[in-house]
Amino acid sequence: MAKMKKTVRMADIADRLGVSTVTVSKALSGQKGVSEEMRLKIRKLSEEMGYRAPTVVKEKRPRRSYNIGVLISDRYLANFDSFYWKLYQEVADQAIQNECFTLFEILSEEMEENRQMLRLLEEKKVSGLIVIGKPGYEYADYLRKNTGMPLVFLDFYETDASVDCFISDGFYGAYVLTNYLIDRGHREIAYVGTLFSTESITDRYLGYLKSLMEHGITPNPEYLIEDRDVKSGLRDNYSSLAFPEKMPTAFVCNCDFIASIVIKALEEKGLRIPEDISVVGYDNYLYPGLCDVEITTYEVDIREMARGAIETLLKKMSGENYKRGIHIVEGHLVEKKSVAERKIV
């Protein structure tokens, strides 16, 4: 009897190249997050191994058209376009593609303090709610216990994973950025971000620490620089940053907006970026005109985060099965012009 030829799986290709199955899937489907060199390697090997993408016929079940509430705390919204405005636009676009509509509400500090319910919920205008960016701890708990409808968190999570959420891989992203600086000769590296103001800032700090420790670098307590007041949100005055007396050679910032503030503060001191000091950010999103230096960063796949949040919320509202818990969306390093090689003496 003839022996049946073994079906080649994506996992087989991944094992041969020493990459993840997710990387193989992205390369073969044309998604972002894979270098062109690796994409070509994966495609070439898949052809050599005789990989054939499975043909799946999906039975389309009609879904209702829902109104979806979207909540953002005003602490995250500046006078200019912010990362969260961009994330909201992606959420609204994904909702429209699913024949749904979004209704937007801003959460004020007063509403948080008074545990005031959202108008969208009081007036029963929506069937589900997406919260973008973490409100205060008490209000997040209040929402979880009192919304009475399907809920998804976007760009933050609760430590007990009681609410489904979609976040970027902040730990790994900051780890990659710090490794990038160390590979270029930097060993005195500061982190800019107020710990415990959000889970994402703390996660990114832990990724930064992991990189330092793996390279035998003892973290300097003076190189942890706060960037915001936990209650009021981001500082917009770059002169308020408290730099250490002995300056580092590089800064890892928890987002591109803060990186732009750090750059302005350093330039105010007469320092050049990157000739004197290197700076990296996170998000790969900064409103045009905020910074005169192109910032090396870790790009967040906000489209995939928004798509996942909408898809999960739709399944929850329609009673379909779905994968519960914390969903981490991969990103990738984007090299620009804010980092210089440092000669090791």
For this session: Answer yes or no: is there a residue in segment 318-334 that is under 24 Å from PRO248 (Cα atoms) and within 19 Å of the chain's Cα centre (by Cα).
Result: yes
How many residues of segment 96-126 are in contact with a strand residue (DSSP E or B) (Cβ under 6 Å, 6 or more places away or on another chain) and polar (S, T, N, Q)? The answer is 1
Taking segment 283-298 and keeping only residues that are closer than 19 Å to GLN89 by Cβ and surrounded by 19 or more Cβ atoms within 10 Å (Cβ to Cβ), one is left with ASP283, ASN284, TYR285, LEU286
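How many residues does segment 279-307 contain that are part of a helix (DSSP H, G or I) and within 22 Å of HIS186 (Cβ to Cβ)?
Within segment 279-307, residues that are part of a helix (DSSP H, G or I) and within 22 Å of HIS186 (Cβ to Cβ) number 0.
Please determine whether any residue of segment 145-165 is assigned to a loop (DSSP other than H, G, I, E, B) and farther than 30 Å from GLY69 by Cβ. Full working, then the answer.
Residues of segment 145-165 that are assigned to a loop (DSSP other than H, G, I, E, B), as a first pass: 147-150, 155-163.
Next, from what is left, pick out any that are farther than 30 Å from GLY69 by Cβ: none.
Checked segment 145-165: no residue is assigned to a loop (DSSP other than H, G, I, E, B) and farther than 30 Å from GLY69 by Cβ.
Answer with yes or no whether GLY193 is at pLDDT 90 or above, within 27 Å of LYS323 (Cα to Cα) and surrounded by 19 or more Cβ atoms within 10 Å (Cβ to Cβ). Before you say what the answer is, go through the steps one by one.
On the way: at pLDDT 90 or above: yes; within 27 Å of LYS323 (Cα to Cα): no; surrounded by 19 or more Cβ atoms within 10 Å (Cβ to Cβ): yes.
When the stated conditions are applied, GLY193 does not pass them.
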Per the list (1) closer than 23 Å to TYR285 by Cα; (2) at pLDDT below 80; (3) exposed (fewer than 14 other Cβ atoms within 10 Å of the Cβ); (4) not aromatic (Phe, Trp, Tyr), residue check on SER29 breaks on (1)
Selection over segment 33-67 where residues are loosely packed, with under 15 Cβ neighbours inside 10 Å, in a loop (DSSP other than H, G, I, E, B) and at pLDDT below 85 yields a count of 15
Per the list (1) surrounded by 13 or more Cβ atoms within 10 Å (Cβ to Cβ); (2) under 21 Å from ALA174 (Cα atoms); (3) not assigned by TED's automatic domain parsing to the domain that holds LEU195, residue check on VAL279 breaks on (3)
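The values are calculated or read from the model by the stated rules, or taken from the named source; none is laboratory data. Computed from a predicted structure; not experimentally measured. Reconstructed Cβ throughout: ideal geometry from the backbone, glycine too, with neighbour counts over all protein chains shown.
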